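Following: one structure in structure tokens, then a few remarks.
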Ligand SMILES: Cc1cc2nc3c(=O)[nH]c(=O)nc-3n(C[C@H](O)[C@H](O)[C@H](O)COP(=O)(O)OP(=O)(O)OC[C@H]3O[C@@H](n4cnc5c(N)ncnc54)[C@H](O)[C@@H]3O)c2cc1C
């Protein structure tokens, strides 16, 4: 019995089916071996993946330590972190200095002028930068995790020779995925390239929010891959291309350098317009049409470095907050003597322990070349962005009114680190992803069994009976269906996985973890049974399952880290702090997981949906012109209120301010995508005078001979 895809579930809306199919195409085939979290959805534990806690090699660690020492000296004494935020600009001398230290070429192989460091070392550096200046951490991460990472991972020798020395030593790089109508929906690209007869590509479209785009020497640009159908001559989309584009190519226009924003104000996000840019065929990364794989692979690294930056910021905020609480006296005692302040201190301590454990578990798995890590990188990103920002928020709260003041630097960290739950896949999208892809294989099995054995109201009685009888007498179906049925309908749970190899002092936590994994799998099946096809749209339930997967990975990584600390004989106040943080983390998260189990069964989702609907209905009575409305809204860009520009810094580019242009949804800045596709298709049917994208000979007429 072949397993059915998730989009095959009956009763799922066409829009949701399309979304699931798009995501499935983007994800590509499943890796051979399921990763840690996917196994946890089945109630299994791949112990060998997370024990022992990953370690860097001695040589690599020494090289990285030397770099960290030099970098810390610079960050502490020279780096203009306050100026960067206040002036909304990272000075060129800072970027040059980072290049000189090798920080901008850390992940680039030494043969091409980089340091050739592994993922763990790279993230240790990002964590250190994140302690001091999130703008700089994001600049470094955008350059190496996404800007030129595709070139490092997928580039040919010729591509690497042509561009890597430049981005290792002198020029920034940028990643161009987002567009006015491409935010969370990364597959909805409107920018497109058309392959010419000589093999080059003509690129048109618009890109938004490309970090460092205005000052980059290289951009990795994602666009629809439009290819003429040999039969009809019509252009058809065949996947997405990842193209290397450089600013000197004719037709590349940066029409907005940056916009004023909440935090990471030193970074700049550019807006590009590509006007018939001829991109040589040798600039395709990976394979034609396989660009989304390129983008998703880069995002794994971006999600780690994002986590590293916020981990550094959270650790610094925690230390500052605790010091304040110990030294600020109210009611004739340090405020740290009050239990509600202690609760914050304990939470900050436990959460930063888990962030660290998860982050370096992930980087270790990436360094070991583990292939099925996409769910875990998403988990780490959600946890670090959400909980890391909460740590900074709690530290600010502990500092009271003084925490809100600019000089104490926490308010900057608070503004800066807010971005991480929005970018690199918003946390809500990641929760759905963790639910769907963590449990994908198990869900597919359940759909297949359900389909084989349950009554289909759309089918005839005869069809139902013959299908069920056939399936019920097939040993392969029975073998799978009977245990699954026993779990779903009789409430029987398979036994918890075994974890015996931990340090003896940690056996209680190991047993607690394996029991939670067993229950997690059971509740995933129950939620799927209770919700049936509604599970696709009931995201509150998805989020409970996803959050539990996140907590499980936090606990598993922390257990492995503490196991390593105990085995290596650590002691002293730092170790005692870690050990107590670890024990509290287990107590705390175990309860959070059980709370989610309870709410999977009994929750307020129904009235939540009604309240949301009523609030939306009321909102519809408010005039659109009183509010800001997204530029790509189907209502049109003039539907909402005009944003003020006075007293807000403007960072114009070479061209027109995009807000002055009347642009309808589905159009790029001054370009109607459908119109241009039609034009190019027409041109391709004509003989061309010059090599501008049209073939030399007319495209053959469609073959009408059906014989
Ligand atoms: C400072 C900054 C730097 C950036 N750098 C880059 C860069 O270098 N390169 C690049 O290509 N892009 C970059 N981006 C763009 C960034 O990746 C997008 O902002 C992000 O993908 C979210 O898209 P959006 O802002 O359009 O939000 P939308 O897609 O409009 O989503 C808004 C909110 O809706 C909710 N939401 C959306 N979809 C769902 C769903 N399916 N389920 C549940 N909730 C949902 C989420 O809460 C989300 O936060 C940057 C953005 C910023 C602000």
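Residue by residue, here is whether (1) within 17 Å of residue 277 (Cα to Cα); (2) outside the structural domain of residue 94 (by TED's automatic domain parsing); (3) within 13 Å of the ligand (Cβ to nearest atom); (4) in contact with a helix residue (DSSP H, G or I) (Cβ under 9 Å, 6 or more places away or on another chain) holds:
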residue	(1), (2), (3), (4)
178	no, yes, yes, no
181	no, yes, yes, no
184	no, yes, yes, yes
195	yes, yes, no, yes
199	yes, yes, no, yes
202	yes, yes, no, yes
206	yes, yes, yes, yes
Requested in this report: Check whether at least one residue in the stretch 132-155 is in contact (Cβ under 8 Å) with a residue 60 or more places away in the chain, touching a strand residue (DSSP E or B) at 6+ places or on another chain (Cβ under 9 Å), crowded, with 23+ Cβ neighbours inside 10 Å and farther than 20 Å from residue 169 by Cβ, and report yes or no.
Outcome: yes
Query raised in the report: In the stretch 602-627, how many are free of Cβ contacts under 8 Å to residues at least 60 places away in the same chain and part of a helix (DSSP H, G or I)?
Result: 17
Requested in this report: For the stretch 106-123, indicate whether the set of residues that are crowded, with 20+ Cβ neighbours inside 10 Å, at pLDDT 95 or above and within 16 Å of the ligand (Cβ to nearest atom) is non-empty.
Outcome: no
Query raised in the report: With (1) more than 17 Å from residue 82 (Cβ to Cβ); (2) crowded, with 24+ Cβ neighbours inside 10 Å; (3) within 16 Å of the ligand (Cβ to nearest atom) as the list, and residue 384 as the residue in question, which single condition is left unmet?
Result: (3)
Query raised in the report: In the stretch 320-355, what residues are out of contact with any helix residue (DSSP H, G or I) (no Cβ under 8 Å at 6 or more places or on another chain) and surrounded by 14 or more Cβ atoms within 10 Å (Cβ to Cβ)?
Result: 323, 337, 338
Report summary line: Flagged in the stretch 25-49 as at pLDDT 65 or above and either touching a strand residue (DSSP E or B) at 6+ places or on another chain (Cβ under 6 Å) or outside any loop (DSSP other than H, G, I, E, B) (or both), in numbering order, are 36, 37, 38, 39, 40, 41, 47, 48, 49
Query - Answer from 298, 304 - the residue that is within 13 Å of the ligand (Cβ to nearest atom), in the same structural domain as residue 414 (by TED's automatic domain parsing) and either modelled with pLDDT of 95 or more or buried (at least 23 other Cβ atoms within 10 Å of the Cβ) (or both) - result: 298
**Report entry** Selection within the stretch 497-512 - in contact (Cβ under 8 Å) with a residue 60 or more places away in the chain and within 31 Å of the chain's Cα centre (by Cα)
**Finding:** 497, 499, 509, 512
Query raised in the report: Here are 576, 570, 583: which of them is outside any helix (DSSP H, G or I) and surrounded by fewer than 24 Cβ atoms within 10 Å (Cβ to Cβ)?
Result: 570
**Report entry** Scope the stretch 165-176; condition surrounded by 23 or more Cβ atoms within 10 Å (Cβ to Cβ) and more than 16 Å from the ligand (Cβ to nearest atom); matching residues
**Finding:** 168
Report summary line: When every residue in the stretch 617-638 that is within 16 Å of the ligand (Cβ to nearest atom) and over 17 Å from residue 183 (Cβ atoms) is compared, the one surrounded by the fewest Cβ atoms within 10 Å (Cβ to Cβ) is 619
Requested in this report: Output the residues belonging to the stretch 6-19 that are modelled with pLDDT of 65 or more and assigned to a helix (DSSP H, G or I).
Outcome: 14, 15, 16, 17, 18, 19
Report task. Give the stretch 408-438 a look and list any residue that's without any contact (Cβ under 8 Å) to a residue 24 or more places away in the chain and within 25 Å of residue 338 (Cβ to Cβ), or say none. Result -> 411
Report task. Could you tell me which numbered condition residue 319 fails, if it satisfies all but one of (1) touching a residue at least 24 places away in the same chain (Cβ under 8 Å); (2) in a helix (DSSP H, G or I)? Result -> (1)
Query raised in the report: Which residue out of 322, 392, 379, 335 is under 18 Å from the mean Cα position of the chain (by Cα), at negative phi and not assigned by TED's automatic domain parsing to the domain that holds residue 139?
Result: 379
Query - Counted residues, the stretch 228-244 - those being buried (at least 17 other Cβ atoms within 10 Å of the Cβ) and closer than 24 Å to residue 285 by Cβ - result: 8
Report summary line: Among 399, 374, the single one that is in contact (Cβ under 8 Å) with a residue 12 or more places away in the chain, away from the ligand (no atom under 16 Å from the Cβ) and within 26 Å of residue 557 (Cα to Cα) is 374
Requested in this report: Being modelled with pLDDT of 95 or more and closer than 25 Å to residue 187 by Cβ is the filter; apply it to the stretch 255-270 and report the residue that is nearest to the ligand (Cβ to nearest atom).
Outcome: 269
Report task. Confirm whether residue 240 is over 24 Å from residue 419 (Cβ atoms) and not in a loop (DSSP other than H, G, I, E, B). Result -> yes
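The values are calculated or read from the model by the stated rules, or taken from the named source; none is laboratory data. Computed from a predicted model, the values in this text were never measured in an experiment. Please note: Cβ atoms are built from the backbone with ideal geometry, for glycine as well, and neighbour counts cover all protein chains shown.
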